[in-house]
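The structure appears below as structure tokens.
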Amino acid sequence: MKLVSIAQAASWASTYLHRNVDVSNISYLLQYGKVKKYRDNGSTQINIEDLKYYYESYVGKRELSWKKQLGNDLNWALSFDNMRETDTTKHVHRLHPYKGKFIPQLVEYFLDSHTDGFKKEVYFNEGDVILDPFCGSGTTLVQSNELGMHAVGIDISSFNALISDAKIREYDFTKVNKEIKRITEALKKFLLNSRIVEFENKLLCELSKFNNSYFPSPEYKYKVKRGQINEGVYAKEKEQKFLPFYRQLIQKYNIKLKQEKNNTFLDKWYLAHVRKEIDFVHDLITPIKNANTKKILMIMLSRTIRSCRATTHSDLATLKEPVVSTYYCHKHGKICKPIFSILGWWVRYSQDTVDRLRQFSKLRTDTYQICLTGNAKTIDIFSNVKQKKPSLYRLIQKQRINGIFSSPPYVGLINYHEQHAYAYDLFGLRRKDESEIGSLFKGKGKEARDSYVEGIAEVLNNCKKYLVKDYSVFLVANDKFNMYPTIAMKSGMKIVNEFKRPVLNRTERDKMPYSETIFHLKEK
């Protein structure tokens with residue numbers, strides 16, 4: 001066993017891989033247990049064979065492969081490849097689905113003031129105030145709280161602000177559970193007056209028998225992968241074969257599928273009885289007097305109805321056409337059905353929400369967080385905070401805001417209001433699509449990119465009025481159009497560093513190597 005120092009290991013790895021490997025790269029491998037740490041007279045030692053084994057492993061080869069395609073400046077320490085999904089969606093971070101959010105570990109890396117063996121610089125400290133002018137679902141606010149920092153968020157979307165606010169509030173769990181129980185029992189009684197439960201149980205029974213016969217697991221998927229079954233032809237044939245059973249059950253139980261109107265999102269994307277249940281639960285939540293309890297129940301209902309849209313499992317994230325009959329599901333490799341009742345999802349999500357809130361309550365620090373609904377280009381941060389949270393206002397008036405950590409919208413990628421259209425309909429929230437920066441409907445052309453640059457620069461110019469003199473701004477972006485140097489210039493800032501991180505474990509079907517950059521900006 002040949003033991004060497006960290007510096008010697010970096011030198012060996014550089015020669016072995018024919019590229020530069022520095023001490024921080026080796027420290028990262030030690031920090032996350034990729035290679036074993038040895039001690040010799042108090043100094044850290046590494047076994048060269050362990051290091052060689054790592055670089056020949058799947059993770060090591062992936063790192064090398066990605067760097068070959070994306071460049072050696074890829075900071076693998078920011079891949080967080082040691083994290084499981086349960087880590088990256090810990091506690092309240094999975095209270096509600098949201099496209100375009102970053103993982104909490106990325107926020108921790110730049111905000112945490114405790115050195116971890118390979119991070120070279122401290123940017124913020126406990127007690128500092130962090131600003132996120134594109135707050136989204138509140139990741140920066142939550143992690144600021146965990147790290148003992150105060151935070152102010154801003155978002156143009158009132159629903160985004162609702163999600164963020166729900167995550168950082170404190171709750172009386174006795175009251176919350178009492179309301180959940182009341183609503184769940186009422187919903188069960190409501191279902192007794194219909195034949196939905198009986199119908200769905202019978203449908204599931206028939207589907208189980210059919211799928212066991214024609215789509216046995218794992219034999220069916222095995223044959224598809226090996227080309228022994230033509231999935232497209234076979235699936236279509238069996239999909240049509242089951243439809244008569246489905247139609248007979250619909251007729252037998254007198255199930256109404258489509259709603260009479262098709263004017264709104266709620267009209268179009270929900271089966272008739274599902275819509276009745278949604279309105280029923282909403283009417284039970286509306287009169288609740290405790291503001292905190294009411295808001296978290298609204299989040300539970302929104303999360304529930306997102307999963308109950310009349311679409312296939314594969315198209316849940318990107319809706320295509322409403323589905324009102326059984327269908328072949330490419331995701332599960334069998335015949336699946338639409339959602340006919342929200343009860344199961346409501347029970348599951350309400351309990352999961354309470355569990356996550358309890359987990360976060362054990363980690364909370366005695367700090368202030370708030371998310372303001374408004375346009376970050378023009379909002380008066382101090383006056384809005386003064387009105388809604390005077391204690392935080394007194395703090396930021398005295399010490400000001402220390403910096404920004406945010407992920408601005410990517411140009412032409414997401415319609416941030418449309419992704420929660422069901423919630424805007426249900427809760428009667430005002431949409432401000434036209435004020436979104438970089439929205440999907442604006443495209444990615446030159447005009448859209450120029451507008452994006454101006455928009456982000458306006459936000460930074462407005463926000464920096466509230467920052468300390470020696471501020472740090474961190475912006476997470478995939479800048480394939482090279483817009484951020486111009487944005488920095490127009491904001492009176494300079495880019496002092498760039499951290500290029502690999503984005504692993506993406507949910508999209510496109511699994512090609514992909515990176516994003518964290519730009520560190522300071523006053524010019």
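The values are calculated or read from the model by the stated rules, or taken from the named source; none is laboratory data. The structure displayed is predicted, hence computed values, not measured ones. Don't worry about glycine lacking a Cβ; one is built from the backbone with ideal geometry, like all the others, and counts go over all protein chains shown. Note: areas computed on protein heavy atoms with side chains; ligands, DNA, RNA excluded. Shrake-Rupley method; radii C 1.70, N 1.55, O 1.52, S 1.80 Å.
Regarding residue 175, is this residue assigned to a helix (DSSP H, G or I), touching a helix residue (DSSP H, G or I) at 6+ places or on another chain (Cβ under 6 Å) and open to solvent by 10 Å² or more (accessible area, probe 1.4 Å)? Spell out how you get there, then give the answer.
On the way: assigned to a helix (DSSP H, G or I): yes; touching a helix residue (DSSP H, G or I) at 6+ places or on another chain (Cβ under 6 Å): yes; open to solvent by 10 Å² or more (accessible area, probe 1.4 Å): yes.
So residue 175 fits the description; yes.
Of all residues in the stretch 64-87, those being without any contact (Cβ under 8 Å) to a residue 60 or more places away in the chain and over 24 Å from the mean Cα position of the chain (by Cα) number 4.
If we keep just the residues of the stretch 506-524 that are open to solvent by 60 Å² or more (accessible area, probe 1.4 Å) and closer than 26 Å to residue 493 by Cβ, which is modelled with the lowest pLDDT? I'd like the intermediate steps shown before the answer.
Step one: list which residues in the stretch 506-524 are open to solvent by 60 Å² or more (accessible area, probe 1.4 Å), which gives 507-512, 523-524.
Now restrict to residues that are closer than 26 Å to residue 493 by Cβ: 523-524.
Numbers: 523: 96, 524: 91.
That would be 524.
Residues in the stretch 310-341 that are touching an Asp or Glu at 6+ places or on another chain (Cβ under 9 Å) and either in a strand (DSSP E or B) or closer than 29 Å to residue 171 by Cα (or both): 327, 328, 335, 341. When residue 335 is tested against (1) open to solvent by less than 10 Å² (accessible area, probe 1.4 Å); (2) closer than 20 Å to residue 299 by Cβ, just one condition goes unmet, and that condition is (2).
Go through the residues of the stretch 490-505 one by one and say whether even a single one is among the hydroxyl-bearing types (Ser, Thr, Tyr), open to solvent by 20 Å² or more (accessible area, probe 1.4 Å) and either in a helix (DSSP H, G or I) or modelled with pLDDT of 95 or more (or both). So far as the stretch 490-505 goes, no, none of its residues is among the hydroxyl-bearing types (Ser, Thr, Tyr), open to solvent by 20 Å² or more (accessible area, probe 1.4 Å) and either in a helix (DSSP H, G or I) or modelled with pLDDT of 95 or more (or both).
Yes/no matrix, rows are residues, columns are (1) within 17 Å of residue 127 (Cα to Cα); (2) surrounded by 15 or more Cβ atoms within 10 Å (Cβ to Cβ); (3) touching a Ser or Thr at 6+ places or on another chain (Cβ under 7 Å):
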residue	(1), (2), (3)
355	no, no, no
358	no, no, no
362	no, no, no
371	no, yes, yes
379	no, yes, no
394	yes, no, no
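Condition check for residue 270 on (1) open to solvent by less than 100 Å² (accessible area, probe 1.4 Å); (2) touching a Lys or Arg at 6+ places or on another chain (Cβ under 6 Å); (3) not in a helix (DSSP H, G or I): one failure, at (2). Just one residue in the set 462, 497, 478 is of a type in the set (S, T, N, Q), closer than 30 Å to residue 85 by Cα and touching a residue at least 40 places away in the same chain (Cβ under 8 Å); that residue is 478.
Report the residue count in the stretch 169-197 for those that are more than 15 Å from residue 284 (Cβ to Cβ) and of a type in the set (Gly, Ala, Ser). Here the count works out to 1.
All conditions but one from (1) on the phi > 0 side of the Ramachandran plot; (2) touching a His at 6+ places or on another chain (Cβ under 9 Å); (3) buried (at least 24 other Cβ atoms within 10 Å of the Cβ) apply to residue 127; the one that does not is (3). Scan the stretch 134-166 residue by residue and report those that are surrounded by 24 or more Cβ atoms within 10 Å (Cβ to Cβ), in contact with a Gly (Cβ under 8 Å, 6 or more places away or on another chain) and assigned to a loop (DSSP other than H, G, I, E, B). Matches in the stretch 134-166: 135, 136, 138, 149, 156. Taken over the stretch 1-29, residues that are open to solvent by less than 40 Å² (accessible area, probe 1.4 Å), assigned to a loop (DSSP other than H, G, I, E, B) and aliphatic (A, V, I, L, M) amount to 1.
Given the criteria polar (S, T, N, Q) and touching a Cys at 6+ places or on another chain (Cβ under 9 Å), does residue 451 qualify? The answer is no for residue 451. Here 169, 182 are screened, and the one residue that is surrounded by fewer than 20 Cβ atoms within 10 Å (Cβ to Cβ), under 30 Å from residue 364 (Cβ atoms), of a type in the set (Lys, Arg) and under 24 Å from the mean Cα position of the chain (by Cα) is 169. Of the residues making up the stretch 313-359, those that are within 16 Å of residue 268 (Cα to Cα) and in contact with a strand residue (DSSP E or B) (Cβ under 6 Å, 6 or more places away or on another chain) number 0.
Of everything in the stretch 293-317 that is of a type outside the set (D, E, K, R) and open to solvent by 40 Å² or more (accessible area, probe 1.4 Å), the residue that is farthest from residue 346 (Cα to Cα) is 314.
Of the residues 206, 237, 200, the single one that is assigned to a helix (DSSP H, G or I) and either open to solvent by 60 Å² or more (accessible area, probe 1.4 Å) or farther than 30 Å from residue 346 by Cα (or both) is 237. When residue 285 is tested against (1) over 24 Å from residue 311 (Cβ atoms); (2) at pLDDT below 95; (3) open to solvent by less than 60 Å² (accessible area, probe 1.4 Å), just one condition goes unmet, and that condition is (2). Only one entry of 296, 250 meets the criterion of being in a helix (DSSP H, G or I), more than 30 Å from residue 161 (Cα to Cα) and among the β-branched types (Val, Ile, Thr), and that entry is 250.
Candidates in the stretch 38-86 are the residues that are closer than 30 Å to residue 103 by Cα, assigned to a loop (DSSP other than H, G, I, E, B) and open to solvent by 80 Å² or more (accessible area, probe 1.4 Å); of these, the one that is modelled with the lowest pLDDT is 84.
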